[in-house]
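Here, each number is a calculation from the coordinates, and none is a lab measurement. Keep in mind that what you see is a predicted model, and the values were worked out from it rather than measured. Cβ sites come from the backbone with ideal geometry, for glycine too, and all protein chains shown count toward neighbours.
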Amino acid sequence: MNQDLESLKARVARLSVMIFDIDGTLTDGRIFWVPNSGWTQMYSVRDGMGIKRLQEAGIEVAAISGGDSLSAQMRMQSLGLRHVHFGSNDKVAHFEKLLGILDVSAEHCGYMGDEVVDLPLLNAVGFSATVPEAPDEVRAQVHYVAQRAAGFGAAREVCEFILKHRMRAAPGPF
């Protein structure tokens, strides 16, 4: 489904909400055990800066994750995300609730995920993105495949793509 640049620009011009999966999208997919803390992951400050820049541009950023860990909860809190759902087996159901809460339509939302379990949500939004490590089936069905690796700037790349083309597509006063 990967699309030409003009089609992608039109899709991101409509975005008011961007949703991220966490494990394998904002992280490289690896987890490790820390005694007295539990399972944890590592996050890129560059991805975090991209998310902050989206928020500053007026885009609501949310997260819907199948996993749940204290480190993920703390990271999403540190980024100031107001809408986060962990441990989700049905991401589309949580997405539909979010649409109602934010009073937006699916075409005004984007989602970045990395696994086949993300496909229903990736196919439900107006703009979908994934990481280069995603399975072929996922990469074939999204609008945008990042060049940077998961947990190493892929989310930042998608954020910058949105900002670059959303700003250019937005009508100006002149």
Legend entry - Total lysine pairs under 25 Å (Cα atoms) in segment 5-169, excluding pairs fewer than 8 apart on one chain: 5
Legend entry - HN-Hα J in Hz across segment 102-114 - Karplus 6.51, -1.76, 1.60, θ = phi - 60°, x for Gly and Pro: 8, 6, 10, 9, 4, 5, 9, 10, x, 9, 10, x, 10
Inset, instruction - Would you compute, from DSSP H runs of 4+ residues alone, the mean residue ellipticity of the chain at 222 nm, taking -39500 (n - 2.57) per run and dividing by the full residue count, rounded to the nearest 500? - result: -11500 deg cm²/dmol
Inset, instruction - Taking the Cα centre of segment 20-82 as origin, work out the dipole magnitude from +1 charges on Lys and Arg Cβ and -1 charges on Asp and Glu Cβ, in debye rounded to 20. - result: 180
Inset, instruction - Run through every distinct alpha carbon pair of the chain and return the Kirkwood hydrodynamic radius in angstroms, one decimal place. - result: 16.0
Legend entry - Extension reserve of the Glu6-Asp136 stretch, reckoned as 0.36 nm per residue once the Cα distance is removed: 44.4 nm
Inset, instruction - Would you mind working out the magnitude of the charge dipole of the chain relative to its Cα centre, with +1 at each Lys and Arg C-beta and -1 at each Asp and Glu C-beta, to the nearest 20 Debye? - result: 660
Inset, instruction - Evaluate the distance, in nm, between pseudo-label points positioned 7 Å from the Cα of Leu99 and of Glu56 along their respective Cα→Cβ axes. - result: 3.2
Inset, instruction - Could you check the simple spin-label distance between Asp68 and Asn123, using points 7 Å along Cα→Cβ, in nm with one decimal? - result: 2.8
Legend entry - Most mobile of Glu56, Glu157, Glu115 in a GNM of the chain (Cα contacts under 10 Å): Glu56
Inset, instruction - Write down the percent of antiparallel bridges among all DSSP beta bridges whose residues are both part of the chain, to the nearest 5. - result: 15
Legend entry - Helix 45-56 axis, angle to the chain major axis (alpha carbon atoms, nearest 10°): 40
Legend entry - Residues of segment 103-124 with amide N under 16 Å of a point placed 7 Å along Cα→Cβ from Arg82: 103-105
